[in-house]
Amino acid sequence: MSLPEPSRRDTRLDHYVDTYAERTHGLQVSAVRALFAVANRPEVVSLAGGMPNIADLPRVELGASMDRLIQERGVQAMQYGAGQGELFMREHITEVMAEEQVHAHPDDVVVTCGSQQALDLVTRIFIDPGDVILAEGPSYVGALGTFHAYQAQVVHVGMDAEGIEPEALRQAVVSLRAAGKRVKFLYTIPNFQNPTGVTQSIQRRQAIVAVAKEHDLLIIEDNPYGLLTLEGQPMPALRSMDADNVIYLGSFSKTFAPGFRIGWALAPHAVREKLTLAQEAATLAPPVFSQFAISTYLEEFDWRGQIVAFRDMYRARRDAMLAGLAEHMPEGSTWTTPNGGFFVWVTLPEGLDSQAMLPRAVSARVAYTPGTAFYADGLGSRNMRLSFCFPTPERILEGTRRLGEVISAELEMNRTFGIDPGAARHHDLHTGPAPDIS
Amino acid sequence: MTETQHHGPIVVLSGGLSHERDVSLRSGRRVAQALRDQGREVIESDLNAGLVELIGGLTDPVVFPLLHGGVGEDGGLQQVLKLLDVAYVGSTPAAARRSFNKAIAGPLVAQAGIATPKAVALPHDMFRELGAAALVAAIGERLGFPLMVKPARSGSALGCTVVHSAAELPAAMVGAYSYGDVAVVEEFISGTEVAVGVVVLDGEPAALPAVEIRPQSGVYDYTARYTAGETRFIVPAEVSDEIAAACASLAITAHQVLGLGTLSRADIIVRPDGEPVFLEVNSSPGMTETSLFPQAVEAAGTDFGVLCAALVDAAWAAHQR
């Protein structure tokens with residue numbers, strides 16, 4: 001095959017590269033994200049993702065139920081719906097929220113495409129570029145992505161084993177406003193926080209609500225895991241302490257199944273109206289068939305019993321992870337002990353960088369999420385989030401064993417090269433280890 | 001070409017367990033689609049426990065490996081395909097092994113009179129046994145700064161760091177060792193970055209037009225490689241005809257010295273004085289939407305799918321001989 005003389009081509013392989021909105025900048029392929037492609041292989045014990053384990057749902061019975069739904073009510077279920085969500089769905093949502101002492105009227109609920117969309121809509125209606133959002137440090141990576149998309153400035157507030165420190169919250173609000181910043185809201189996950197697994201104590205909740213009220217600071221309470229408590233009873237929601245100043249976000253993704261993509265926002269009347277209009281602009285209506293399906297599930301199945309079964313299953317996995325960590329983590333490592341949810345937050349021995357160590361971990365067939373993913377400001381290099389929700393207890397034990405070997409090898413490598421244990425490996429002076437909250 | 005056209009199924013292999021799995025999956029999807037567009041029968045497969053059985057159950061298959069890094073590029077997979085006596089696109093096991101290991105390929109190419117960076121390949125055990133401080137100092141004295149530190153067996157710039165001082169070297173070494181047991185430290189060559197693809201269809205290697213790489217960030221790292229818009233590509237490279245010919249000659253020589261098969265891609269820096277310097281060669285070059293090899297093919301006026309099909313036919317014809 002002969003190759004003809006070429007003509008010169010000058011390209012960046014994206015015709016629209018100079019056309020994108022400013023908020024699109026930074027949406028890039030990353031090596032860390034690419035490494036997670038390996039984590040999906042069965043040989044790898046992935047402690048990275050946050051997928052709920054839904055294998056034990058009564059799928060045969062659900063199938064029959066869905067079959068009846070389509071045959072008997074399919075014409076409505078597969079039609080367009082209301083922007084705010086179907087009334088029957090919102091009524092069911094109020095029943096679910098009552099389990100956490102949130103008493104609300106269905107009119108104040110807006111159904112969304114997962115609570116992620118609720119977060120998007122809330123950010124959309126409140127945030128102008130440059131506005132400040134306060135969030136726990138560390139915070140949910142998906143929320144940080146949403147905030148980034150709306151060009152918000154995220155300022156992390158210190159936390160300890162009981163959650164956000166109220167005094168740190170107060171100081172942040174006061175100092176930022178004194179500096180002329182528009183501080184729009186506090187984003188917080190009070191129960192089994194993603195990524196730390198930390199739960200706010202009742203006293204802490206009261207103090208946070210009080211500080212927010214005192215400084216006229218709106219609270220966005222994200223509560224996807226609240227019912228998945230592994231010890232004791234669910235804690236009262238922040239919304240139950242202040243109905244006027246809290247927007248509450250909920251989800252069926254963890255208590256039933258994420259594939260239906262149904263979440264919600266509970267908001268004061270005026271906010272709810274704007275959320276509904278924003279929802280209509282974004283999607284016309286949340287998925288109608290999913291609302292029928294979830295309502296059918298709530299009506300025909302023992303959903304409370306299923307949550308109890310989920311708790312038992314997740315408890316065994318959490319216990320396996322804590323046992324594995326205790327057995328295999330090298331000296332100098334610490335971690336949180338969550339009372340529910342999906343995650344454990346590990347602080348590595350000094351001098352280690354979880355992101356730089358990830359390729360070694362992937363080679364050893366274990367994956368985790370580096371701590372820097374959960375900070376908007378580059379902190380978290382010494383941390384990692386481990387998920388216990390998806391692998392079996394046996395695989396979790398094996399994963400922690402592999403992880404222990406990886407960390408030990410990395411420590412050995414640092415010793416060989418005399419890397420200062422007090423220094424993070426990042427070249428950016430503003431990055432480094434995050435506070436140890438375990 | 002018609003009389004040697006392959007008519008059986010083509011197994012496009014991608015994925016695997018290397019750090020470049022994601023890139024490989026993208027390469028595989030692109031090649032599979034290009035072959036289907038040529039009317040070929042394509043089966044896409046990951047590198048997994050079902051592969052041997054899959055190939056064994058096919059009549060007259062040709063395997064097109066698009067695996068980057070790990071056993072897909074270090075000769076391991078090629079050894080298995082030889083063992084199974086199945087036709088495949090690419091290089092012999094020995095050639096793949098030679099080219100994948102930068103610590104071996106560089107010196108071999110240098111022996112053929114091609115300019116290469118001064119380099120040293122070091123297993124991490126060496127630092128432990130001899131003491132890192134002394135070795136780091138010796139590297140700095142011998143090679144000077146800036147330096148490039150990279151894993152001996154990896155691709156896509158993963159684990160690569162430019163080091164400007166002795167103080168930065170230990171961390172860069174640890175970063176490279178995160179990807180494997182041997183790291184290569186070489187003098188940093190500045191100049192125009194180009195890549196030259198080589199194809200062998202009628203027995204003689206032919207160089208594709210050089211692709212010039214101008215990353216917006218200044219560094220052609222993983223993000224610059226695989227995010228459309230992050231790098232400016234100029235094909236053929238904006239160099240003189242003489243330099244372009246020298247680059248083509250270098251790529252063909254490297255291909256031949258390493259004994260590579262039907263395709264390869266050489267990565268080259270053209271110094272300000274016009275001398276091309278060989279950095280490394282890939283026996284399984286990336287075929288993604290932002291990869292260099294397909295751009296060179298298209299710049300040569302050849303349809304990418306036509307070339308993929310021709311590579312399959314060449315592999316089939318070679319297997320029949």
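The values are calculated or read from the model by the stated rules, or taken from the named source; none is laboratory data. None of these values were measured; they are calculated from a predicted model. For neighbour counting, all protein chains shown are included, and Cβ atoms are generated from backbone atoms with ideal geometry for every residue, glycine included. When the accessible area is computed, the model is the full protein with side chains, heavy atoms only, and any ligands, DNA or RNA have been set aside. Shrake-Rupley method; radii C 1.70, N 1.55, O 1.52, S 1.80 Å.
In this structure, the residue pairs whose Cα-Cα separation is over 21 Å, taken from B:K82/B:K150; B:K82/B:K102; B:K102/B:K150; A:K184/A:K274; A:K213/A:K254, are B:K82/B:K150; B:K82/B:K102; A:K213/A:K254.
Counting only protein heavy atoms and a 1.4 Å probe, the range B:10-90 has 38 square angstrom of accessible area per residue.
Near A:V45, the amide H atoms lying under 5 Å from its own belong to A:V366, A:A367; only residues 5 or more places off or on other chains count, and H is placed 1.01 Å from N.
Each Lys or Arg adds one and each Asp or Glu takes one away; over the other residues whose Cβ falls under 10 Å from the Cβ of B:Y220, this sums to -2. Which shape class applies to the range B:10-90: rounded if a/c is under 1.5, otherwise prolate when a/b exceeds b/c and oblate if not, where a ≥ b ≥ c are the square roots of the Cα gyration tensor eigenvalues? Oblate is the answer for the range B:10-90, as a/c is 1.5 or above yet b/c matches or exceeds a/b.
Between B:V52 and A:L87, the C-beta separation translates, for a Förster distance of 60 Å, into a calculated FRET efficiency of about 0.55. Measuring heavy-atom accessible area with a 1.4 angstrom probe and counting protein chains only, the residues of the range A:23-54 that give up at least 20 Å² relative to the chain alone are A:Q28, A:V29, A:A31, A:A34, A:L35, A:A37, A:V38, A:R41.
Of the accessible area of chain B, with the probe set at 1.4 angstrom, what percent is carbon plus sulfur? So the carbon and sulfur contribution to the accessible surface is 51 percent. Under the simplified labelling scheme, the A:R304-B:V219 pair shows an inter-label distance of 5.7 nm, with each label point 7 Å from Cα along Cα→Cβ.
Positive-end ranking of A:V198, B:G301, A:V174 along the dipole of the protein assembly as shown, with charges on Cβ about the Cα centre, is headed by A:V198. Bridge orientation summary for the protein assembly as shown: considering DSSP beta bridges with both residues in this region, about 65 percent are antiparallel. Shape analysis of chain B places it in the prolate category; the axes a ≥ b ≥ c from the Cα gyration tensor give an a/c of at least 1.5, with a/b above b/c. The range B:238-290 and the range B:149-227 have Cα centres separated by 13 Å. Calculated [222 nm] ellipticity per residue, helices only, for chain A: -13000 deg cm²/dmol; basis is -39500 (n - 2.57) per DSSP H run with n ≥ 4, divided by all residues, nearest 500. Compared with the direct C-alpha span, the chain from A:D14 to A:R311 gains 102.2 nm at full extension, assuming 0.36 nm per residue. Around the amide H of B:A183, modelled in the peptide plane, lie the amide H atoms of B:L122, B:H124, B:A152, all under 5 Å away and 5 or more residues distant in sequence or on another chain.
For the pair A:D160 and A:R33 in one chain, pulling the backbone fully straight at 0.36 nm per residue adds 42.8 nm over the alpha carbon distance. Considering only beta bridges that DSSP places wholly inside chain A, some 50 percent are antiparallel.
Summing charges over all other residues whose Cβ lies under 10 Å from the Cβ of A:R12, with Lys and Arg as +1 and Asp and Glu as -1, gives -2.
Between A and B, roughly 4000 Å² of accessible area is buried in total, ligands, DNA and RNA not counted and the probe set to 1.4 Å.
Dividing the alpha-carbon radius of gyration of the range B:217-289 by the rule-of-thumb value 2.2 N^0.38 Å gives 1.19.
Which whole-number percent of Cα pairs in chain A have a distance greater than 42 Å? Summing the P(r) of chain A above 42 Å gives 17 percent of all pairs. Here the Karplus curve 6.51 cos²θ - 1.76 cosθ + 1.60, taken at θ = phi - 60°, turns the phi angles of the range A:175-192 into couplings of 5, 5, 5, 5, 7, x, 7, 8, 8, 8, 7, 9, 9, 9, 10, x, 10, 6 Hz, with x standing for Gly and Pro.
Can you bin the protein assembly as shown into rounded, prolate or oblate? Criterion: square roots of the alpha carbon gyration tensor eigenvalues sorted a ≥ b ≥ c, rounded for a/c under 1.5, prolate for a/b above b/c, oblate for the rest. It is prolate, given that a/c is not under 1.5 and a/b is the larger ratio. Between A:L176 and B:L83, the FRET efficiency estimated from the beta carbon spacing at R0 = 60 angstrom works out to 0.35. Other protein chain C-beta atoms within 10 Å of residue C-beta, averaged over B:19-31: 3. Model label points for B:A133 and A:T337, set 7 angstrom from Cα along the Cα-to-Cβ axis, are 4.2 nm apart.
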